[in-house]
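First up is the structure itself, then whatever we jot down about it.
Each value in this text was obtained by applying a stated rule to the coordinates, not by laboratory testing. Since this is a predicted model, take the numbers as computed values, not measurements. For neighbour counting, all protein chains shown are included, and Cβ atoms are generated from backbone atoms with ideal geometry for every residue, glycine included.
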Ligand code: GRF
């Protein structure tokens, strides 16, 4: 079984899509072994509790130093024998030490059609505000591997979402989020298949 750790900061609807995908059998051959939140108030933690997924908070309050946060995150991932790290609304930039340790085994979901509307400053509502300001007729969601850049690693899957007349950042975000919940479980299946040889029948 592929052991998945999910890093979160917020409401956790993408975490919920992973939980649901495993529970309803869409995602086979993987288990959710931990949730790590950078925010002690994140509703993601309630979702983890409800589904009996071990969770922990690694935030600026209990780990003020960035390197300490990275060290604590790395040891939590290793402690849980993590095979795959999923960033699902995780609002911290990963240090290179962590990316090195899990190169090719960290994926992220971003609420636009990368390489458009991504990179530094393009997160949450800012993405959808920029899409609307640009006047493009479609946006979308992307799941990609994480490398040292911001939203720059190889793309695993992406899906277009129409921008509709009268859209606000909120209405567009909600439509994109629905697509995120569809493509994230699909991306996980693709990654499981690609890692199957490595994981074997453990
Ligand atoms: C999603 O839009 C995701 O693309 C972005 O942050 C948001 C997280 O939402 N990275 P949730 O916490 O999964 O509901």
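Just one of 28, 16 is surrounded by fewer than 20 Cβ atoms within 10 Å (Cβ to Cβ), within 15 Å of the chain's Cα centre (by Cα) and either within 15 Å of the ligand (Cβ to nearest atom) or closer than 19 Å to residue 82 by Cα (or both); which is it? Give the derivation first.
Values: 28 fails: within 15 Å of the chain's Cα centre (by Cα).
Unique residue meeting the criteria: 16.
Looking only at residues of the stretch 154-202 that are over 20 Å from residue 117 (Cβ atoms) and within 16 Å of the ligand (Cβ to nearest atom), we find that the one that is farthest from the chain's Cα centre (by Cα) is 186.
For the stretch 116-130, taking the residues that are part of a helix (DSSP H, G or I) and more than 13 Å from the ligand (Cβ to nearest atom), the one that is surrounded by the fewest Cβ atoms within 10 Å (Cβ to Cβ) is identified as 129. The listed residues are 191, 146, 150, and the only one of them that is out of contact with any helix residue (DSSP H, G or I) (no Cβ under 9 Å at 6 or more places or on another chain), within 12 Å of residue 106 (Cα to Cα) and surrounded by 14 or more Cβ atoms within 10 Å (Cβ to Cβ) turns out to be 191. The single condition from (1) surrounded by fewer than 18 Cβ atoms within 10 Å (Cβ to Cβ); (2) free of Cβ contacts under 8 Å to residues at least 24 places away in the same chain; (3) outside any loop (DSSP other than H, G, I, E, B) that residue 22 fails is (1).
Just one of the listed residues (197, 133, 193, 173) is in contact (Cβ under 8 Å) with a residue 40 or more places away in the chain and outside any loop (DSSP other than H, G, I, E, B), and it is 173.
Please verify whether residue 76 is crowded, with 20+ Cβ neighbours inside 10 Å and within 19 Å of residue 12 (Cβ to Cβ), treating the condition exactly as stated.
Details: crowded, with 20+ Cβ neighbours inside 10 Å: no; within 19 Å of residue 12 (Cβ to Cβ): yes.
Criteria not met by residue 76.
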